[in-house]
Number of protein chains: 2
Amino acid sequence: MLWSLPDGIDTPALVIDLDTLSANIDSMASQMLAIGVALRPHVKTHKSPQIARMQINAGGRGVTVASLGEAEVFAASGFDDIFIAYPLYPAGSKASRLRALAGGMRPSVGVDSIDAARALAGAVPAPDCLTVLIELDSGQHRSGVAPEAAVDLALRCGELGLDVGGVFTHGGHSYRPSAAAAAAADESRTLDLAVEYLAAAGVTAPTVSAGSTPTAIASAVGRVTEERPGTYVFNDRQQLALGTAKPRDVAVAVAATVVSTAVGGQAVIDAGSKALASDRPDWLSGHGAVPELGDATVAALSECHGMVRLGAQPTPAIGTVVRVVPNHICTAVNLFDYYEVVSGGQLVDRWPIAARGHLS
Amino acid sequence: MLWSLPDGIDTPALVIDLDTLSANIDSMASQMLAIGVALRPHVKTHKSPQIARMQINAGGRGVTVASLGEAEVFAASGFDDIFIAYPLYPAGSKASRLRALAGGMRPSVGVDSIDAARALAGAVPAPDCLTVLIELDSGQHRSGVAPEAAVDLALRCGELGLDVGGVFTHGGHSYRPSAAAAAAADESRTLDLAVEYLAAAGVTAPTVSAGSTPTAIASAVGRVTEERPGTYVFNDRQQLALGTAKPRDVAVAVAATVVSTAVGGQAVIDAGSKALASDRPDWLSGHGAVPELGDATVAALSECHGMVRLGAQPTPAIGTVVRVVPNHICTAVNLFDYYEVVSGGQLVDRWPIAARGHLS
């Protein structure tokens, strides 16, 4: 990490280095431009209209969100090309909220069942106010249909009057060591297959969308027209462990203060599971890394305590302020209300995490 | 669980059953009254002045909080007996904020180092605006000093002009199967020992405070004057697994909608790690239980997807609304902005989670 914390930050705090952030945004945008694939960054990572605007200015086509609530926040901030990459089921107030959103723009929504498609068609003033993208399962086995099943679902969406804009997938099984190349190949092969089946049935798929940060470049082949990475703007301990990012690419950290060293071999910091989140894949031990303490590991978490295992590292003084690189930045960001924005080692701004809590 | 969800809840949502909540609050208060020990509930669980008021009305002496920010929220809501059970280090704006808090009331603050004690004494207008409680390590090995070290720390706090109000500990090692009885004994033995050492040095300890939900009753022996349980108001999947609570004691659940059943044997709900939190102790598998689906387990989480493993359970219809009992309710609550309050199966109120995000 090439940046440092300014003095006087109240901890725990979420701190962005603006220069690293800008470099990450530019790097992904220029790689996508070079290979001729559109970039539609997933803004669930940062939930910040300011950062999404930087991504669009760098060449992003539009934004990807995970919920109707996130779509509303970004629409209210002037974004008019929004893909809700989620199998949205518009019950309760979601039907009227989707209607309001579709009245002001034409959002795209993921669909992987005829039941949800029917509910979506019924929720909006006219079904063609919405574009639906058929979700495909490319190997994560979370949601999405098999390529063979895409044709039936697309035809039935068409019968409901919905505009079928194409297909999408998320190769989330890329989040294991050495898994990214195979997951990227799974994504592009699954998408290609579905496009072929659809073409044979007379259905065109203008949008063919893949993406995760580990697979964003490698899956941009074949018929893929668009990538949706999210985490690349910030990076985190998972991306470092996967080799997707290097320490100089880490743009965000949680600033924390050493509050207790009463137990030998351990420094307790004021960032626990309510500041770092508890996400921990089975291939990663601990909950964060502390560059100021020789990359010591946050070995355990309570809600407001992080237990840093010092190893050979000397015990820091009570009051020492350190940075923590969390395992998964998307869920850590989701715990804070704003970013402290740093540039050249100085605090320059504070940005609200505007879509935090807009889960529904 | 003896309660059910009303129709029309927008998911994911955090839902309280008011009747179960009231019963839990009354049960703990009357048990504490019966054994003659004061109850100072830890409000980091719910972060809600409404619920804290119910706890005080039932006989609670005051509240326990985990951060200065939480103390500020509860002070602004009229609570005037607040213990910050945390080794607070008042740097940055925390010094002036602590001064402002101590100007309006006399908060108690945990301390386990002379460095923090010195900073606390320097932060307030006069050191005797604060009461400090010496934190003891009773076996969790997180923070706190050994009973033998309490005397030196207490004497040095006294030299700084700080009012030493007593001792406290948290037997967090109670959070393992069959560990509660031994952890409770560790708490009371450690506190007793420290009180004896202090008495021998001429230091009185009016407050002798223990507590966690699993140990709240069993540790209320010997010289213990006060208990600080938090989770008992709501309970969660951990408390069920530990045997501290029964299903009828679970007062809060996350309401979620089945959004995808495209992958066989699995129902995907719209509550992921951003609604349930990822906390999972190594003695518990999965991330939540779904009573409406035969107590099926949320086997895996993405940020906005929960993957429910159905087993022999029939596949639910897309759009089915279910409850999830999260592993750890304190971190799940911390993800939402308000509670939907239900009584007799009807939605009766919405309460803000006022101290959410007040980490620092």
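For the stretch A:82-97, the set of residues classified as more than 7 Å from chain B (Cβ to nearest Cβ) and small (G, A, S) consists of A:A85, A:A95, A:S96, listed by residue number. Within the stretch A:127-138, identify whether any single residue is more than 13 Å from chain B (Cβ to nearest Cβ), more than 30 Å from A:P281 (Cβ to Cβ) and under 21 Å from the mean Cα position of the chain (by Cα), and answer yes or no. There is at least one residue in the stretch A:127-138 that is more than 13 Å from chain B (Cβ to nearest Cβ), more than 30 Å from A:P281 (Cβ to Cβ) and under 21 Å from the mean Cα position of the chain (by Cα). For A:T45, are the conditions met, namely being surrounded by 24 or more Cβ atoms within 10 Å (Cβ to Cβ) and out of contact with any strand residue (DSSP E or B) (no Cβ under 9 Å at 6 or more places or on another chain)? In short, yes. Collect the residues in the stretch B:103-126 that are more than 15 Å from A:D270 (Cα to Cα), at pLDDT 95 or above and in a helix (DSSP H, G or I), keeping them in residue-number order. Within the stretch B:103-126, B:I114, B:D115, B:A117, B:R118, B:A119, B:L120, B:A121, B:G122, B:A123 qualify.
Do the conditions hold for A:L155, that is, is it more than 11 Å from every other protein chain (Cβ to nearest Cβ), aliphatic (A, V, I, L, M) and surrounded by fewer than 21 Cβ atoms within 10 Å (Cβ to Cβ)? Reasoning before the result, please.
Numbers: more than 11 Å from every other protein chain (Cβ to nearest Cβ): yes; aliphatic (A, V, I, L, M): yes; surrounded by fewer than 21 Cβ atoms within 10 Å (Cβ to Cβ): yes.
For A:L155, the condition - more than 11 Å from every other protein chain (Cβ to nearest Cβ), aliphatic (A, V, I, L, M) and surrounded by fewer than 21 Cβ atoms within 10 Å (Cβ to Cβ) - is met.
Those strands (runs of 3 or more DSSP E) of the stretch B:310-360 in which at least 2 residues are closer than 19 Å to B:A300 by Cα, considering only elements entirely within it, cover B:321-326. Filtering the stretch B:302-344 to residues that are at the interface with chain A (Cβ under 7 Å from one of its Cβ atoms) and of a type in the set (S, T, N, Q) leaves B:S302, B:T331, B:N334. Pairing each residue of the stretch A:127-141 that is on the phi > 0 side of the Ramachandran plot with any residue that is at pLDDT 95 or above and not polar (S, T, N, Q), provided the two are 6+ apart or on different chains, yields C-beta distances under 7 Å for A:G139/A:G171; A:G139/A:H173; A:G139/A:A183; A:G139/A:D186; A:H141/B:V263.
Residue under question is A:G264, and the condition is that it be free of Cβ contacts under 8 Å to residues at least 12 places away in the same chain, facing chain B (nearest Cβ under 10 Å) and under 30 Å from B:T169 (Cβ atoms); does it hold? Yes, satisfied. Residues that are hydrophobic (A, V, I, L, M, F, W, C), under 18 Å from the mean Cα position of the chain (by Cα), more than 28 Å from B:T11 (Cβ to Cβ) and not assigned by TED's automatic domain parsing to the domain that holds A:V73 do not occur anywhere in the stretch A:263-286. Looking across B:T207, B:T231, one residue alone is among the hydroxyl-bearing types (S, T, Y), in contact with a Cys (Cβ under 7 Å, 6 or more places away or on another chain), closer than 30 Å to B:L191 by Cα and touching a residue at least 12 places away in the same chain (Cβ under 8 Å). It is B:T231.
When B:I35, B:I25, B:I16 are screened for being loosely packed, with under 15 Cβ neighbours inside 10 Å, more than 14 Å from every other protein chain (Cβ to nearest Cβ) and in contact (Cβ under 8 Å) with a residue 12 or more places away in the chain, only B:I35 passes.
The values are calculated or read from the model by the stated rules, or taken from the named source; none is laboratory data. Bear in mind that the values here come from a model prediction, so they are computed numbers and not experimental data. Every residue, glycine among them, receives a Cβ derived from its backbone with ideal geometry; neighbour counts consider all protein chains shown.
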